[in-house]
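Working notes, beginning with the structure itself.
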Ligand SMILES: [Zn+2]
Ligand SMILES: [Zn+2]
């Protein structure tokens, strides 16, 4: 097999995603090894995924913000910002905790799952409240990084 882009050169490897033959020069552009098309596809996919999450966070914040009572008084838990932030935090916290789901749960009974869900929801708000700013900054940073990435 020869390189898809340089038919005069032998292929030394293949694109990780589509399996096209690539010569040593083409193979040196990216890790994992990708052809230009698959490189762009992954780049766009990653950018789209992060933008989608940010849009969801913004929508949740707006939803929470508008859920607040008209007269929040002095109670901080009725503050529109707090409610918006808490809604975002439940999702970021939930996503974070899902990554660290204990393995034994695979074999756990439905009762254990039920309690795990309750604990997870409560934990999510707190974990998310701490992590949300970092998660949001990291996503923005990643979008910029992918955006600038050249083959
Ligand atoms: Zn490819
Ligand atoms: Zn090539």
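Structure notes:
- Taking 0.36 nm per residue of separation and subtracting the current Cα-Cα distance, fully stretching the chain between residue 115 and residue 144 would add 6.5 nm.
- Separation between Cα centres of segment 93-115 and segment 18-51, rounded to whole Å: 34 Å
- Between 0 and 90 degrees, the angle of helix 110-148 with respect to the longest Cα principal axis of the chain falls at about 50 degrees.
- Cα gyration tensor shape of segment 79-141, rounded if a/c is under 1.5, else prolate or oblate by comparing a/b with b/c: oblate
- Largest to smallest principal axis extent of the C-alpha atoms in segment 12-78, angstrom: 69, 15, 12
- Between helix 36-67 and the chain: long-axis angle, C-alpha atoms, 0 to 90°, nearest 10: 10 degrees
- When Rg and the Kirkwood radius Rh are both evaluated on Cα atoms of segment 1-139, their ratio Rg/Rh stands at 1.23.
- Length-normalised contact order for the chain - Cα pairs under 8 Å, 6+ apart - percent: 20 percent
- Degrees between helix 80-99 axis and first principal axis of the chain (Cα, 0 to 90, nearest 10): 50 degrees
- Residues of segment 12-53 with amide N under 16 Å of a point placed 7 Å along Cα→Cβ from residue 2: 12-13, 21-26
Since every read-out is calculated from the coordinates, none of them should be taken as a lab result. Because the structure is a prediction, the values reported are computed rather than measured. Please note: Cβ atoms are built from the backbone with ideal geometry, for glycine as well, and neighbour counts cover all protein chains shown.
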